[in-house]
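Everything on this sheet refers to the single structure shown next.
The values are calculated or read from the model by the stated rules, or taken from the named source; none is laboratory data. Bear in mind the structure is a predicted one, so any value in this text is a computation, not a measurement. Glycine also receives a Cβ, built like all others from the backbone with ideal geometry; neighbour counts cover every protein chain displayed.
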Amino acid sequence: MRAKRFVMNSLAHIFLSVLSVIWVSPLVIVILTAFRGERGTFTSYIIPRTFTLSNFTNLFAVQSAGLNFPRWVMNTLVIAICACILATFFNLSTAYVMSRIRFRMRKKLIQIALVLGMFPGVMSMIAIYYILKGLGFLETGTLSQIALIMVYSGGAGLGFFVTKGFFDTIPLTIDEAAYIDGATKWEVFWKITVPLSKPVIVTTILGAFMGPWIDFIFARVILGQQVPYFTVAIGLFTMLQREFVQQYFTQFFAACVLISIPISILFLIIQRFYVEGVSGAVKG
């Protein structure tokens, strides 16, 4: 039995080690390329022969081709923050209603939301495109950014299941005691339920922020060719176009490293709350 257990554990460790190498290798290549001093898209070696920080510093310089990385970051940050606030509010409100209030068609609405949530959002892209086009939001500068915020936050209410599962774990007796003391439903939601739900709120905020931060498809469709209003995803894609790729290839990887640092730090800080928030879906 000991020999068999040793063999099984050894095979498991070997398998996990191989998976770790496969997972870490792309990250290592991205970081090494970001510090590579040699230009161009292809080299016959992985470890650079010369290292430089110019790939990072050049991102913040004025580019002759009109590429403006700081502007892309600011555009994305504004859109992501606004969409995050609205999406979090919609999600929490919908989850609270479905968890605490009993009304006709409640179960049917939950089932409909579950079915709709199974379809990827990109399926609605054509319909959203023509709606925004009819309203005059496409390729219109600031209005296009407002349209992106509406798109990112509009469907947030359908993703209430994890939050509802967490709300279901909060005893109803707390709400009833507050109602006896004269509190309204809004006061119970805002002053009692929300403070008790920090883990799931952090989870919701992280998910609502990450969507706009990394999205490419909807941003590309709505913003079109408006270079000053590009988000990070569109800007980085532009750097890989045929006319730019040879010059900006290493800067592209430097930009990837930079935009991943804040998200990585944020996730490490709130990781404990994130795990607790996800567990609410099982408890409910």
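Quick rundown of the values:
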{"quantity": "Hits in the range 86-109 - residues which are in a helix (DSSP H, G or I) and without any contact (Cβ under 8 Å) to a residue 24 or more places away in the chain", "calculated": "Phe89, Val97, Arg106, Lys107, Lys108, Leu109"}
{"quantity": "Top-ranked residue in the range 197-213 [being among the hydrophobic types (A, V, I, L, M, F, W, C) and crowded, with 16+ Cβ neighbours inside 10 Å; ranked as nearest to Phe166 (Cα to Cα)]", "calculated": "Val200"}
{"quantity": "Any hit, the range 38-53, residues being in contact with a helix residue (DSSP H, G or I) (Cβ under 9 Å, 6 or more places away or on another chain), hydrophobic (A, V, I, L, M, F, W, C) and surrounded by 15 or more Cβ atoms within 10 Å (Cβ to Cβ)", "calculated": "no"}
{"quantity": "Condition met for Ile170 (assigned to a helix (DSSP H, G or I) and either at negative phi or more than 17 Å from the chain's Cα centre (by Cα) (or both))", "calculated": "no"}
{"quantity": "Near pairs, Cβ below 6 angstrom, 6+ apart or cross-chain, from the range 127-139 (outside the structural domain of Thr231 (by TED's automatic domain parsing) and touching a residue at least 60 places away in the same chain (Cβ under 8 Å)) to any residue that is among the charged types (D, E, K, R) and surrounded by 16 or more Cβ atoms within 10 Å (Cβ to Cβ)", "calculated": "none"}
{"quantity": "Matching residues in the range 46-85 - criterion: being touching a strand residue (DSSP E or B) at 6+ places or on another chain (Cβ under 8 Å) and assigned to a loop (DSSP other than H, G, I, E, B)", "calculated": "Pro48, Thr50, Thr52"}
{"quantity": "Arg102 farther than 23 Å from Thr203 by Cβ and either of a type in the set (Phe, Trp, Tyr) or loosely packed, with under 11 Cβ neighbours inside 10 Å (or both)", "calculated": "yes"}
{"quantity": "Options Thr163, Thr173, Thr169; residue that is out of contact with any helix residue (DSSP H, G or I) (no Cβ under 8 Å at 6 or more places or on another chain) and polar (S, T, N, Q)", "calculated": "Thr173"}
